[in-house]
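The values are calculated or read from the model by the stated rules, or taken from the named source; none is laboratory data. Note that this is a predicted model, so its numbers are computed, not measured. So basically every Cβ, Gly included, is an ideal-geometry build from the backbone, and we count neighbours across all protein chains shown. Side chains are part of the model used for accessible areas, which takes the heavy atoms of the whole protein and leaves out ligands, DNA and RNA. Shrake-Rupley method; radii C 1.70, N 1.55, O 1.52, S 1.80 Å.
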Amino acid sequence: MSETVISFQNFGFQYYSQAEPTLYDINLEIHKGEKILIAGPSGCGKSTLGHCINGLIPNAYRGTITGSLTVGGIETKNASLFQLSQKVGTVLQDSDGQFIGLSVGEDIAFALENDCVEQEEMKARVQKIAEIVDMDSRIGNNPHDLSGGQKQRVSLAGVMVDDAEILLFDEPLANLDPKTGKVAIELIDEICGSGKTVIIIEHRIEDVLHRPVDRMVLMNEGRIIADDAPDKVLAMDMLGPHGIREPLYLTACRYAGINVTEDMKPSSLNTLDMGRCSGKLNQWYEANAGRWIQKEQKPLLEVNDICYSYDGIHPVLDHVSAVIHEGEMMAIVGKNGAGKSTLAKVITGFLKQDSGTVSIQGDDLSKYTVSERAEYVGIVLQNPNQMISKPMIYDEIALGLRIRKVPEQEIDERVTKIMKICGLNEFKNWPVSALSYGQKKRVTIASILVLNPKVLILDEPTAGQDYRHYSEIMEFLKDLNDQGQTIVLITHDMHLMLEYTERAVVLCDSVKLADQKAFEILCDPALSEKANLKETSLFELAQKAGIPDPLGFVETFIRYDKEVRERENEAVLVQSA
């Protein structure tokens, strides 16, 4: 057994501001060179566990510690943040909170400057790392001007450039497009191969398992509920009941009546024993195969030949046209920096296009102010910190209604209902400052949903959300959509795109690359590659199982899965009644 670098012994932690502990009786050992995945629902304590490892607890976040935690032989409750930063490098979920330098290059070099590395060596190391994360062309850019995914790459580079023996990644995939996320996991895997100890805190299990991990640690309600090899944990069927999405190919196997066991090596499609799956998958498909009936659709919002450039030279949107139909839920997808968020800002009037028109039911929106457009189009931005303006959660969600002079009794009813749906009910009287990044995200979604605009645009609505809260938010959006609400989702989440949208517009390098059914896009290898998307594992599963129509299999799964979820939701409603 290799050297132990992190050791929790009967460890517990309670924030001074909380009535109950966040961590209970944690016993966990992590060895040199291991790659560990820590997963669990929001609020389970996984980020707090990470804060204990990197020294933010107790140095930045105060509370009561019980038991022992040693990192690299140092007892953390007696160590300074500086001492622990020499042992542990951290990539935070909220990239904006991690930037120090005025340029990408300065930010990557920050740790080297602290270590007094010679300037020539520093430049060479920064250049090498920037190339690895594909940010070498933006070394002179301000980090705050980058897209969410680009910011995450810079944060990754800032940690990689130093020589800490332990690397901690807190939701590294939160703001990355699928292909970039895949590359990030491959980069992390390479780092681990160089002898580093790597800890990944992430709920996107299938994406992390693109490369092998040594152990999966599942947490719930402040306790470790499983700590074992990924094959064994996945075979336990523990993920769904504890608020974590299992890989879609495993869901398909379970629908087909396959008993998934550890010896089938289910942690990856590359290792899954297809000999024990193919027959039942084919039988299931034959019994359930069917095509969707296309609904008749009426245009609502039209984007016609839009061009936009931030600097007047490089187009971010280059003659982009699209139609959003009345009552549909559709997606806008593509690589980081493709122009998705820019298109949303043009539609809402936050940015004025260089040419082209945006109209709703034939009415040109250019004649309206931003606040007037809010009566037609509401938007939830990707970064919650850019939207929140009130110190208290309730007041933030109620703000739009109060501006519109809605009676307080109606405000209370609408805000209370939305807070419950968005998983915020227990925080009704809390300050925003007490929330995590993911919880702030739910507040901003609630603050727009409560206004019920004609077209609702959500930029990465489920980023940072565990499967339970993801499902609650998306089922609520689906309910709104079923009642006629038109919804546009800008997303990197291919699962969301498959499960909840029938159609997607793909942007790539400033132009529209495709506009077709969502499942067709994720079953097109060439299109996925060009747009930095990722083929769904359902398509690969169907191919490996020898199903004659893999595209039909994916469509059938989506329809079947939707019916399963609807039955489950109905059962919950009956039970609660």
**Prompt:** Tyr249 passes all but one of (1) part of a loop (DSSP other than H, G, I, E, B); (2) in contact with a helix residue (DSSP H, G or I) (Cβ under 7 Å, 6 or more places away or on another chain); (3) buried (at least 17 other Cβ atoms within 10 Å of the Cβ); which number fails?
**Reply:** (1)
**Request:** Go through Lys428, Lys417, Lys390 for me and flag whichever is modelled with pLDDT of 90 or more and open to solvent by 10 Å² or more (accessible area, probe 1.4 Å).
**Result:** Lys390
**Message:** Which condition from (1) within 26 Å of Leu250 (Cβ to Cβ); (2) among the aliphatic types (A, V, I, L, M); (3) modelled with pLDDT under 90; (4) touching a helix residue (DSSP H, G or I) at 6+ places or on another chain (Cβ under 6 Å) is the one that Val161 breaks?
**Reply:** (1)
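Output the number of residues of region 344-370 satisfying the condition of being among the small types (Gly, Ala, Ser) and either open to solvent by 40 Å² or more (accessible area, probe 1.4 Å) or free of Cβ contacts under 8 Å to residues at least 12 places away in the same chain (or both). Break it down into steps so the answer makes sense when it comes.
From region 344-370, those among the small types (Gly, Ala, Ser) are 344, 349, 355-356, 359, 362, 366; that's our starting set.
Applying the additional criterion that residues be either open to solvent by 40 Å² or more (accessible area, probe 1.4 Å) or free of Cβ contacts under 8 Å to residues at least 12 places away in the same chain (or both) yields 355, 362, 366.
Qualifying residue count, region 344-370: 3.
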**Request:** Name the residue, out of Ala157, Ala184, Ala174, that is in contact with a Leu (Cβ under 7 Å, 6 or more places away or on another chain) and either within 20 Å of Ile53 (Cβ to Cβ) or touching a residue at least 12 places away in the same chain (Cβ under 8 Å) (or both).
**Result:** Ala184
**Complete:** Scanning region 463-515 for residues that are among the polar types (S, T, N, Q) and within 19 Å of Thr180 (Cβ to Cβ) gives Thr491, Ser510
**Message:** Given the condition open to solvent by less than 50 Å² (accessible area, probe 1.4 Å), under 24 Å from the mean Cα position of the chain (by Cα) and under 23 Å from Met160 (Cβ atoms), answer yes or no: does some residue in region 69-79 qualify?
**Reply:** no
**Request:** Would you please name the residue that is nearest to Cys192 (Cα to Cα), looking only at residues in region 23-57 that are open to solvent by less than 20 Å² (accessible area, probe 1.4 Å) and touching a Cys at 6+ places or on another chain (Cβ under 9 Å)?
**Result:** Lys35
**Prompt:** Out of curiosity, is Val260 surrounded by 18 or more Cβ atoms within 10 Å (Cβ to Cβ) and modelled with pLDDT of 90 or more?
**Reply:** yes
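Quick one: which residue in Leu365, Leu317, Leu300 is closer than 25 Å to Ala526 by Cβ and among the hydrophobic types (A, V, I, L, M, F, W, C)?
Sole residue among the options that is closer than 25 Å to Ala526 by Cβ and among the hydrophobic types (A, V, I, L, M, F, W, C): Leu317.
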**Request:** State yes or no: is Ile65 among the aliphatic types (A, V, I, L, M) and either buried (at least 20 other Cβ atoms within 10 Å of the Cβ) or part of a helix (DSSP H, G or I) (or both)?
**Result:** no
**Request:** Find the residue count for region 187-206, including only residues that are within 19 Å of the chain's Cα centre (by Cα) and in contact (Cβ under 8 Å) with a residue 60 or more places away in the chain.
**Result:** 8
**Item:** Matching option when the condition is touching a residue at least 40 places away in the same chain (Cβ under 8 Å), within 24 Å of Val377 (Cα to Cα), surrounded by 14 or more Cβ atoms within 10 Å (Cβ to Cβ) and of a type outside the set (D, E, K, R), among Leu281, Leu300, Leu269
**Value:** Leu300
**Request:** Please note which helices (runs of 4 or more DSSP H) are completely contained in region 94-187 and include at least 2 residues that are within 18 Å of Ile201 (Cα to Cα) and open to solvent by 20 Å² or more (accessible area, probe 1.4 Å).
**Result:** 148-160
**Complete:** When region 393-412 is checked residue by residue, the ones that are within 27 Å of Glu460 (Cα to Cα), open to solvent by 70 Å² or more (accessible area, probe 1.4 Å) and assigned to a helix (DSSP H, G or I) are Arg402, Ile403
**Of the criteria (1) outside any loop (DSSP other than H, G, I, E, B); (2) small (Gly, Ala, Ser); (3) surrounded by 16 or more Cβ atoms within 10 Å (Cβ to Cβ), which one Ser321 fails** = (3)
**Complete:** Within region 218-239, restricting to residues that are out of contact with any helix residue (DSSP H, G or I) (no Cβ under 7 Å at 6 or more places or on another chain) and open to solvent by less than 40 Å² (accessible area, probe 1.4 Å), the one that is modelled with the lowest pLDDT is Met238
**Request:** Would you check if there is a residue in region 381-392 being over 25 Å from Met474 (Cα atoms) and in contact with a strand residue (DSSP E or B) (Cβ under 9 Å, 6 or more places away or on another chain)?
**Result:** yes
**Request:** Those residues that are within 24 Å of the chain's Cα centre (by Cα) and in a loop (DSSP other than H, G, I, E, B), I need them from region 330-384; list them, please.
**Result:** Lys335, Asn336, Gly337, Ala338, Gly339, Leu381, Gln382, Asn383
**Fill in**
Note on region 371-384: residues open to solvent by 60 Å² or more (accessible area, probe 1.4 Å) and either under 21 Å from Val323 (Cα atoms) or acidic (Asp, Glu) (or both) are Glu372, Glu375
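From Ser42, Ser47, grab the single residue that is in contact with a helix residue (DSSP H, G or I) (Cβ under 7 Å, 6 or more places away or on another chain), among the small types (Gly, Ala, Ser), under 30 Å from Ile185 (Cα atoms) and not in a strand (DSSP E or B).
Selected residue: Ser42, the only one of Ser42, Ser47 that is in contact with a helix residue (DSSP H, G or I) (Cβ under 7 Å, 6 or more places away or on another chain), among the small types (Gly, Ala, Ser), under 30 Å from Ile185 (Cα atoms) and not in a strand (DSSP E or B).
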**Prompt:** List, please: which pairs have Cβ atoms under 7 Å, are six or more places apart or on different chains, and start with a residue in region 15-37 that is within 16 Å of Ile57 (Cα to Cα) and end with one that is charged (D, E, K, R)?
**Reply:** Tyr16/Arg62; Tyr24/Arg223
